[in-house]
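Enquirer: Please see the structure below; I have some questions.
The values are calculated or read from the model by the stated rules, or taken from the named source; none is laboratory data. As the structure is a computational prediction, the values presented were derived from the model and not from experiment. Ideal geometry is used to build each Cβ from the backbone, glycine not excepted, and the neighbour counts take in all protein chains shown.
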Amino acid sequence: MKLVVQVKLLPTPVQAAALEATLHACNEAASWVSEVAFEKDAKNNFALRKLTYDQAKARWGLGAQAAQHVIKKTCDAYAALKANLRAGNLGRPGSRRHRKATGKPVAFRPDSAQPYDDRMLSWQIPGRRISIWTVSGRVKDVAFTASPEQLATLALYRKGESDLVCRDGMWFLNATCEVPEAEPNTDPVDFLGIDLGIVNIATTSDGEIMVGRGLNRIRARERGLRAKLQKKNTPSAKRRLKKRRRKEARRARDINHKIAKHVVAEAERTGRGIALEDLTGIRERVRLRKPQRATHSSWAFAQLGAFIAYKARRAGVPVVYVDPAYTSRTCAECGHLDRANRVSHAWFACRSCGFVDHADRNGSRNIRARAWELWRCGAQSTAPAPPPRQRGGAGRKRSATASGARCASPSPQRRVVDERSS
């Protein structure tokens, strides 16, 4: 399987200037190539290369490999645009958003990432140095920093292109690695159900609540501060907003990695598979009040699902996606389905058998039971596509049909994990 290892470059001021000039030249050339592709309707790599290769090399001083990567990057951008249009991600045909996306050529920011292959970039991993092509010539002995695990992965499995990235004045290389997968577990003893939510980001069928109200208080405070700074709109407020703009995204990515790592490790340790909800299209199906929209849409649940999927593949843990319909209203003990079972956002009380439990844990047990039933019926899935998207609020998980699959098994003792753990 393919993994991306990100290392941080530590260039000198002279080296950083050469890298910056290279990114600007490559992206300016890519924007010009995009204009030619748009005007000539030549978005195929071979056809576009015949129209732009020689001029891109001469005009911006690009090497042969750099010019080819600029053209390929442009073709990939148009391919991604076409896929988004086909999927309806840019509105319906004829809508304002659709017309805006198709009515002008794709443009590249001056600091957009630039791909490098082994002819343009060489690694000296033991010495933590790279040699990289720039428009000013070959720049050698550029230092980088990485953890011991990253260095080992780079040394053993690096294969393919690497992307040069500049973000907030810092330089990074994203290296592609071909990492072998573990032998898949084709006979899991059970499944670990994962219920995703807004108040509690993830709750397992074992009763573990991973990251809850404490994180939501931090997120609400961050949103309030961001709103105040935007309203103030002074130069100092803009500088502070720019400094903090990626803070919440970094926090979410870090927490998602920790949750995914913990879930996969627990499933691998106990010989179980992982059961997740297939929440594709939940944003379009759920209707929310305006104050709830920011909370509902601000967490990267699709990212969390993708992290769990790739870490599970690497560990050989099977993953099954189930229909989430009515899992929050169905009793995990007797199977009784009633809207009144959900007495509050936090608690579930069955109107038939009297079973009482934490609402998210009850939902995760239903997810586990459905996954076990699907697995026994032969519906095995370890890498579904597309991954689940963001989900809505409690009691709103609906889809076209509801799976009635259940599996009776003893319920493990409930455990609550500290919000800072993973």
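Enquirer: Tell me which residues, restricted to the range 46-68, are buried (at least 20 other Cβ atoms within 10 Å of the Cβ) and out of contact with any Phe, Trp or Tyr (no Cβ under 6 Å at 6 or more places or on another chain). Reasoning before the result, please.
Expert: Here is the first cut: in the range 46-68, the ones buried (at least 20 other Cβ atoms within 10 Å of the Cβ) are 48, 52, 56, 60, 62, 66-67.
Correct list: 48, 52, 56, 60, 62, 66.
Enquirer: Right, here's the next one. Looking at the range 122-175 only, could you name the residues that are in a helix (DSSP H, G or I) and either touching a Lys or Arg at 6+ places or on another chain (Cβ under 8 Å) or within 16 Å of residue 66 (Cβ to Cβ) (or both)? I'd like the intermediate steps shown before the answer.
Expert: Here is the first cut: in the range 122-175, the ones in a helix (DSSP H, G or I) are 148-157.
The answer is 151, and nothing else.
Enquirer: Follow-up. Take the conditions loosely packed, with under 15 Cβ neighbours inside 10 Å, of a type outside the set (Ser, Thr, Tyr) and assigned by TED's automatic domain parsing to the domain that holds residue 276 and apply them to residue 334. Does it pass? Explain how you work it out, then say what you get.
Expert: Details: loosely packed, with under 15 Cβ neighbours inside 10 Å: yes; of a type outside the set (Ser, Thr, Tyr): yes; assigned by TED's automatic domain parsing to the domain that holds residue 276: yes.
Against the criterion (loosely packed, with under 15 Cβ neighbours inside 10 Å, of a type outside the set (Ser, Thr, Tyr) and assigned by TED's automatic domain parsing to the domain that holds residue 276), residue 334 qualifies.
Enquirer: Going through the range 176-201 one residue at a time, which ones are of a type in the set (S, T, N, Q) and in a loop (DSSP other than H, G, I, E, B)?
Expert: Residues of the range 176-201 that are of a type in the set (S, T, N, Q), as a first pass: 176, 185-186, 200.
Correct list: 185, 186, 200.
Enquirer: Scan the range 1-59 residue by residue and report those that are among the acidic types (Asp, Glu) and either touching a Pro at 6+ places or on another chain (Cβ under 7 Å) or within 30 Å of residue 307 (Cα to Cα) (or both).
Expert: Our first condition is that a residue be among the acidic types (Asp, Glu); within the range 1-59, this holds for 20, 28, 35, 39, 41, 54.
The one that is among the acidic types (Asp, Glu) and either touching a Pro at 6+ places or on another chain (Cβ under 7 Å) or within 30 Å of residue 307 (Cα to Cα) (or both): 35.
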